[in-house]
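Undergrad: Here it is, the structure in full.
Every number here is computed from the coordinates shown, using simple stated rules; none is lab data. This is a predicted model, so every value here is computed, not measured. Backbone-built Cβ (ideal geometry, glycine too); neighbour counts: all protein chains shown.
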Amino acid sequence: MIHDVVIKNLKVIPDERGRLMEILRNDESLFKKFGQVYMTTTYPDVVKAWHYHKIQDDFITCVHGMLKLVLYDDRDASPTRGEVNEFFIGVHNPVLVKVPRMVYHGWKCISKEEAIVINVPTEAYNRENPDEYRIDPHNNNIPYSWERKDG
């Protein structure tokens, strides 16, 4: 696993009224600080990649559909430099993934329906000076292909 990446298994608590799932609490050791909470969606087979942040950590979960979330460690001083992690997250695997700053990340919706993603970054989005550093999702030096692995 890439150094500083954390996976938290999420527990869904159902009752006769519906379901509840805590995602991130400020009394957990995983919690760093709060920047904002936002929801984003991705349509089936769409890739949203690659980018990293210099300042913020991301805390990503998928609450509807399924994602293939991929991380690539290009940090010079990291003991896991060059490592790729692939996580399948969503309704069939409810987890929270901490993506540390300076780690490239992106995802592909692998469900037949739109994926709904919740992110709790440690910093609020700065519209005048965004903490986002992007590269092309397919033409880059990251050793990863977004194609399905079954041929």
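Undergrad: Just give me the residues in the range 102-131 being in a loop (DSSP other than H, G, I, E, B) and under 21 Å from LEU24 (Cβ atoms), in sequence order.
TA: Of the range 102-131, the ones in a loop (DSSP other than H, G, I, E, B) are 102, 110-114, 120-131.
MET102, VAL120, PRO121, THR122, GLU123, ALA124, TYR125, ASP131 - these are the residues of the range 102-131 that are in a loop (DSSP other than H, G, I, E, B) and under 21 Å from LEU24 (Cβ atoms).
Undergrad: Any idea how many residues of the range 20-31 are more than 16 Å from the chain's Cα centre (by Cα) and in a loop (DSSP other than H, G, I, E, B)? Lay out the reasoning, then the answer.
TA: Narrowing the range 20-31 to residues more than 16 Å from the chain's Cα centre (by Cα): 20-22, 25-29.
Keeping just the survivors that are in a loop (DSSP other than H, G, I, E, B) gives 22, 25-29.
Count: 6.
Undergrad: Go through the range 122-151 residue by residue and tally those that are of a type in the set (Val, Ile, Thr) and closer than 19 Å to LYS68 by Cβ.
TA: In the first step, residues of the range 122-151 are kept if they are of a type in the set (Val, Ile, Thr); the result is 122, 135, 142.
The next check asks that each one be closer than 19 Å to LYS68 by Cβ; those that pass are 135, 142.
Here the count works out to 2.
Undergrad: Please state which one of LYS68, LYS54 is surrounded by 14 or more Cβ atoms within 10 Å (Cβ to Cβ) and basic (Lys, Arg). Reasoning before the result, please.
TA: Working: LYS54 fails: surrounded by 14 or more Cβ atoms within 10 Å (Cβ to Cβ).
The unique qualifying residue is LYS68.
Undergrad: Of the residues in the range 74-101, how many are of a type outside the set (Val, Ile, Thr), within 15 Å of HIS64 (Cα to Cα) and in a loop (DSSP other than H, G, I, E, B)? Before you say what the answer is, go through the steps one by one.
TA: Filtering the range 74-101 down to residues of a type outside the set (Val, Ile, Thr) leaves 74-79, 81-83, 85-88, 90, 92-94, 96, 98, 100-101.
In the following step, the residues that additionally are within 15 Å of HIS64 (Cα to Cα) were identified as 88, 90, 92-94, 96.
This time we only want the ones that are in a loop (DSSP other than H, G, I, E, B), so: 92, 94.
So the answer is 2.
Undergrad: Confirm whether VAL5 is within 15 Å of VAL99 (Cα to Cα), among the aliphatic types (A, V, I, L, M) and surrounded by 15 or more Cβ atoms within 10 Å (Cβ to Cβ). Walk me through how you get there before you give the answer.
TA: Values: within 15 Å of VAL99 (Cα to Cα): yes; among the aliphatic types (A, V, I, L, M): yes; surrounded by 15 or more Cβ atoms within 10 Å (Cβ to Cβ): yes.
Answer is yes for this residue.
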